[in-house]
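The values are calculated or read from the model by the stated rules, or taken from the named source; none is laboratory data. Owing to the predicted nature of the structure, the values given are computational and were not obtained by experimental measurement. Quick reminder, even Gly has a Cβ in these numbers, built from the backbone with ideal geometry, and neighbours come from all protein chains shown. We work out accessible area using only protein heavy atoms, side chains counted, and drop any ligands, DNA or RNA first. Shrake-Rupley method; radii C 1.70, N 1.55, O 1.52, S 1.80 Å.
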Amino acid sequence: MIRSSVSRPSARRILTRSAAAAGLVLVAGAAVMAQPVFEGSASLVEGLRACRALPGSSERLACYDDKVGVLLGAVDAGDVRLVDREQVRKTRRQLFGLSMPEVDILKPDAKDAAEEKDSSDLFETTIANGRQVGPATWRFTTVEGAVWEINNPPRKIAPINAGDKVVFKKAALGYYFIRINGQIGVKGRRVS
């Protein structure tokens, strides 16, 4: 029997990336502007915008009826999903800390930037649970479901408990500075 020396990623890592990718696909599928009109190359939204330019009200109404019918048909068929701003914000929060390709629909626009305290480099949330998993390793889960790990924390760090406030600041190489309840910042990373 010949065994391959190629290492395989752990099942947990595959499931985590698959789940993140599935969430991303759902959000990416919601990008109405990216979905083509089924009879041509213009997008569904561009088709609706073109209707506004028509001078006659009966022509405009017929155009709107046609384009809305195509859009609703695509929604009913599952080819297009519409999401609101809050759903996009929630998805951004759930994906924070994962290394993923940039997707336009997940980028905050000017209104989001003005309303949210979060940015791509700074994130504040609450801990759902935490535990020490080794002599020098802590793991905790945020309310969004993200699992984070801190290795070799200073001895002065207090135990991590549910309800603790946590702030993440982007560091280098996929790591973040993690500050729990205003304590000294420690380096950690998202593990799932």
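Taking the range 60-83 on its own, how many of its residues are within 13 Å of residue 45 (Cβ to Cβ) and in contact with a Leu (Cβ under 6 Å, 6 or more places away or on another chain)?
The qualifying residues number 2.
Condition first: touching a Phe, Trp or Tyr at 6+ places or on another chain (Cβ under 8 Å) and not small (Gly, Ala, Ser). Now tell me which residues in the range 165-178 satisfy that.
166, 167, 168, 169, 170, 176, 177, 178
Residue check: is residue 162 surrounded by 11 or more Cβ atoms within 10 Å (Cβ to Cβ) and at pLDDT 90 or above?
So residue 162 fits the description; yes.
Can you pull out the residues in the range 130-159 that are at pLDDT 90 or above and charged (D, E, K, R)?
131, 139, 144, 149
Condition check ((1) part of a helix (DSSP H, G or I); (2) open to solvent by less than 50 Å² (accessible area, probe 1.4 Å); (3) modelled with pLDDT of 80 or more; (4) over 30 Å from residue 190 (Cβ atoms)) across all residues:
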site: 59; (1), (2), (3), (4): yes, no, yes, yes
site: 63; (1), (2), (3), (4): yes, yes, yes, yes
site: 71; (1), (2), (3), (4): yes, yes, yes, yes
site: 76; (1), (2), (3), (4): yes, no, yes, yes
site: 82; (1), (2), (3), (4): no, no, no, no
site: 87; (1), (2), (3), (4): yes, no, yes, no
site: 108; (1), (2), (3), (4): no, no, no, no
site: 111; (1), (2), (3), (4): yes, no, no, no
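Determine if the range 50-57 includes at least one residue that is modelled with pLDDT under 85, of a type outside the set (Val, Ile, Thr) and surrounded by 11 or more Cβ atoms within 10 Å (Cβ to Cβ).
no
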